Amino acid sequence: MPELIPIDALIARQAAASPSATAIIDADGTTRFDQFDAHISTAAALLTGAGVIQGDRVMIVAENCLATAIFIYAATRAGAIAVPVNARMTALEIARVMDHALPCVMIYTSGCSAEAQAHATAASPQDIGFGPFHMALLEPGARQDDTADVAVILYTTGTTGAPKGVMLTHGNLIFAGRLSAQLRGLTAADRVYGVLPLTHVFGLASVLIACAVSGAALHLEARFSPARLHAALTGGATVFPAVPQMHALLMQYAHDQGLTRLTGGKLRYLSSGAAPLDPAWKAKAEAFYGLPLQNGYGMTESTAGVSGTRNRIGDPDTSAGPPLPGIAVRIDAVAGADAGEVLTRGPHVMKGYFRAPDMTAQTINADGWLRTGDLGRLDAAGNLHIVGRSKELIIRGGFNVYPPEVEAALNDHSDVIQCAVIGARNAVGDEDILAFVQCRDPLNFDIDALALFAATRLSGYKRPTRIFAVEALPAAPTGKILKHKLLDAFADRLNQKD
């Protein structure tokens, strides 16, 4: 069972046990655990003084920095619920979350984010400036009866404009943080490189809370930069949790600098989440780092981790690993299909969707199983293999095509940095397979050669109908490719005749 304490108590414990140990490193310097805990108490008193009470929502428009971490914990210390959102969202996107979350206070981390500053400037004229952040007071929304143990509400990226707030309890977050710390072997001697946004469940649960549980130092980076990442990894960082795009861009940066591998530093653990791995890309990454690349699977509704690998370098396994301790996984198989929907149950499953009981009931059944919407299978060893999102499944000529399989084949090509594959309905009622390939030089990229390359690796019905060479793919702040934005992002290319 998860520990029944508020998440801010984790910091108080570290401050009592190791007051002078490093808690946070950001662009402004280093903060010890005793200082961090004191800042949290000061910020909590500020919120309480502004009228924040039990069950209120405190919305934090932020990028990664000390102030963001402080206010996530301060909200809970004040008895409220933190609602962190990425400052790089548009004003309209933030307004939609505000209208749904109904916060009583807005916090803008303007000291570390130009976008947060811009949102603060456009907000209420009653804004009060306090150094590295701004605060705006709003009319509080109604308190909800089902949020008594909720610590954080995260709003997920969806294919529609409708907001979907995932309620994560203190128990959810502490359980997930402990599992992440155990999986990585985190100790107080570690320095975790935290470029994954704290406004996303991966950065929140698997990085921020995991560091609080273990006492590891957290190096917060507001924006991803291959150059800064390289400097951190050849410096003192020991643990680097990331998404595939970050690894791909770092390797490209090193290549441009004439480097073939990462040398120096103290890095001992790295992982890749949010997308399936393919064997050739995994081998390339391991050769570059000289370390095993661990994989895992999770989602916001499962407080990040569901499964994770513990492989040695060179292991050809590209699964997402076995379920983590205390977590159950089963496959809701369909007769005749080679995969089914992944269901999971345990202390990691969210409390539900904020102000959406019907949606919660559709997602979590009466026995507590969370329907993930992901397609997967369990192998003989009990490892979970994710083959795609159920909504992203492409049906071509009556055959099922899983985008990750096509992406893996294209990613094997030496000139491909990364790619994204989606289906699009055509005039005859079938689905075309569209591949968007990120490369160094789109104008001179040989698409025909890539098509021939893919033909040696994919059955005819799995081969892309059209391939588009592009400079960059639309991505979330985590680096996760936003497939639902591909058609709009490249609408002009789609309308061109080949």
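The table below gives the values:
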read-out	value
Size of charge dipole - the chain - debye, nearest 20, with Cβ of Lys, Arg +1 and Asp, Glu -1, no other charges	600 debye
Under 5 Å, built H, 5+ apart or other chain: amide partners of GLY111	PHE133
Alpha-carbon centroids, segment 1-48 and segment 55-112: separation in whole Å	18 Å
Local electrostatic count, THR238, Cβ distance below 14 Å [Lys/Arg +1, Asp/Glu -1]	+3
Isolated Cys in the chain, by beta carbon distance under 4.7 Å	CYS104, CYS211, CYS419, CYS439
Most to least packed among 257-267, 340-350 [average Cβ atoms within 10 Å]	340-350, 257-267
Where the Cα pairs of the chain fall when distances are cut into 20 Å bins, in %	23, 57, 20, 0
Whole-Hz couplings from phi, Karplus 6.51/-1.76/1.60, listed for segment 65-82; x for Gly and Pro	5, 4, 4, 4, 4, 4, 6, 4, 6, 5, 4, 6, 5, 8, x, 9, 10, 7
P(r), alpha carbons of segment 1-141 - 5 Å bins starting at zero, rounded %	2, 11, 20, 22, 20, 13, 8, 3, 1, 0
Sequence ranges 35-41, 294-300, ranked by mean other-Cβ count within 10 angstrom, highest first	294-300, 35-41
Overall Cα dimensions of segment 270-405, principal axis frame, Å, largest first	48, 40, 27
Whole-Hz couplings from phi, Karplus 6.51/-1.76/1.60, listed for segment 171-180; x for Gly and Pro	x, 3, 5, 5, 4, 5, x, 5, 4, 5
Potential extension, SER459-ASP367 segment - 0.36 nm per residue separation minus Cα distance	29.1 nm
Ordering of 11-22, 318-329 by packing [mean C-beta count within 10 Å, highest first]	318-329, 11-22
HN-Hα J in Hz across segment 90-97 - Karplus 6.51, -1.76, 1.60, θ = phi - 60°, x for Gly and Pro	6, 4, 5, 5, 5, 5, 5, 5
Unsatisfied cross-links (Cα-Cα over 22 Å) in the set LYS284/LYS462; LYS351/LYS391; LYS164/LYS282; LYS164/LYS351; LYS391/LYS483	LYS284/LYS462; LYS351/LYS391; LYS164/LYS282
Reference-scaled alpha-carbon Rg (2.2 N^0.38 Å with N residues) for segment 41-93	1.13
Placed amide H near GLY352: partners under 5 Å, 5+ positions off or other chain	MET167
Mean ellipticity per residue at 222 nm, deg cm²/dmol - from DSSP H runs of n ≥ 4 across the chain, formula -39500 (n - 2.57)	-8500 deg cm²/dmol
Pairwise label distance in nanometres, ALA118 with ARG440, each label 7 Å out on the Cα-Cβ vector	3.2 nm
Relative contact order (%) - criterion: Cα under 8 Å, at least six apart; region: the chain	10 percent
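Since every read-out is calculated from the coordinates, none of them should be taken as a lab result. All values derive from a computational prediction rather than experimental measurement. When we count neighbours, we look across all protein chains shown, and the Cβ atoms used for this are built from the backbone with ideal geometry, even at glycine.
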